[in-house]
Amino acid sequence: MSDKPVDTGKRTWLIASSCAGVAGGVAAAVPFVSSFQPSERARAAGAPVEADISGLKPGEKLTVEWRGKPVWIVRRTKEQLDALPKVDAQLADPKSQRKQDELTPAYARNESRSIKPEILVVVGICSHLGCSPGDKFNPGPQPSLPDDWVGGFLCPCHGSTFDMAGRVYKNKPAPDNLEVPPHMYLSETRLLIGEDKKA
């Protein structure tokens, strides 16, 4: 062992230099790493967003944000799917023929308005004045709903009602069905909202 005295000034200088180097490295790395994430501007412009639906149980809804709008992902029950054709006569646009290119992609122009029947993906904004409807999934008589209600959505602003496929009922203020955004499955449990074509 050496009996040389420790140069505290030198040691302090080395520690300070090391700390400054680490801080500089972190400061340089943060913008680099964050550049992999879509910017706020890109998200607002419509950058696709991923959604994990592995934990979504039948009868449950998950909400994600895309283009600053709520997108609902609902795993429908067998009973909810079975009820869809029963309300066709009560709907304003049961076959989603209005504004097809704007509101309903070709792969969602079916009874369930979806790629997979059990999974509904719609923008949660009423086509009347832009309010967000509430969930009314339970069938039966309820305030502001008909006695033969089979489940769906109710807009609290002006009373427009939508079925479990986001189709609007007749004689309501909302002129159109809820929008089905472009989307595709990346796997059985992962959805990509905002894009529907594989590169």
Legend entry - Qualifying residue in the stretch 108-120 (condition: surrounded by fewer than 17 Cβ atoms within 10 Å (Cβ to Cβ), at pLDDT below 95 and among the acidic types (Asp, Glu)): yes
Inset, instruction - Report whether or not Gly140 is in contact with a strand residue (DSSP E or B) (Cβ under 6 Å, 6 or more places away or on another chain) and free of Cβ contacts under 8 Å to residues at least 24 places away in the same chain. - result: no
Inset, instruction - Scan the stretch 152-169 for residues that are under 23 Å from Gln97 (Cβ atoms) and touching a strand residue (DSSP E or B) at 6+ places or on another chain (Cβ under 7 Å) and jot them down. - result: Gly152, Phe153, Ser160, Thr161, Phe162, Asp163, Met164, Ala165, Gly166, Arg167, Val168, Tyr169
Inset, instruction - Please indicate, with yes or no, whether at least one residue in the stretch 120-129 is in a strand (DSSP E or B) and among the hydroxyl-bearing types (Ser, Thr, Tyr). - result: no
Legend entry - In the stretch 152-199, the residues that are among the aliphatic types (A, V, I, L, M) and out of contact with any Lys or Arg (no Cβ under 7 Å at 6 or more places or on another chain): Val168, Ala174, Leu178, Met184, Leu186, Leu191, Leu192, Ile193, Ala199
Inset, instruction - From (1) surrounded by 18 or more Cβ atoms within 10 Å (Cβ to Cβ); (2) of a type in the set (A, V, I, L, M); (3) assigned to a strand (DSSP E or B), pick out the condition that doesn't hold for Val87. - result: (3)
Inset, instruction - Please go through the stretch 154-189 and pick out each residue that is part of a strand (DSSP E or B) and either closer than 30 Å to Pro141 by Cα or not assigned by the TED database to the domain that holds Lys86 (or both). - result: Leu154, Thr161, Phe162, Asp163, Val168, Tyr169
Inset, instruction - Report, ordered by the first and then the second residue, all pairs with beta carbons closer than 9 Å, sequence separation of six or more or different chains, a first member in the stretch 173-199 that is farther than 15 Å from Ile119 by Cβ and free of Cβ contacts under 8 Å to residues at least 24 places away in the same chain, and a second member that is outside any loop (DSSP other than H, G, I, E, B) and open to solvent by 10 Å² or more (accessible area, probe 1.4 Å). - result: Lys197/Met184; Lys198/Met184
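The values are calculated or read from the model by the stated rules, or taken from the named source; none is laboratory data. All values derive from a computational prediction rather than experimental measurement. Backbone-built Cβ (ideal geometry, glycine too); neighbour counts: all protein chains shown. We work out accessible area using only protein heavy atoms, side chains counted, and drop any ligands, DNA or RNA first. Shrake-Rupley method; radii C 1.70, N 1.55, O 1.52, S 1.80 Å.
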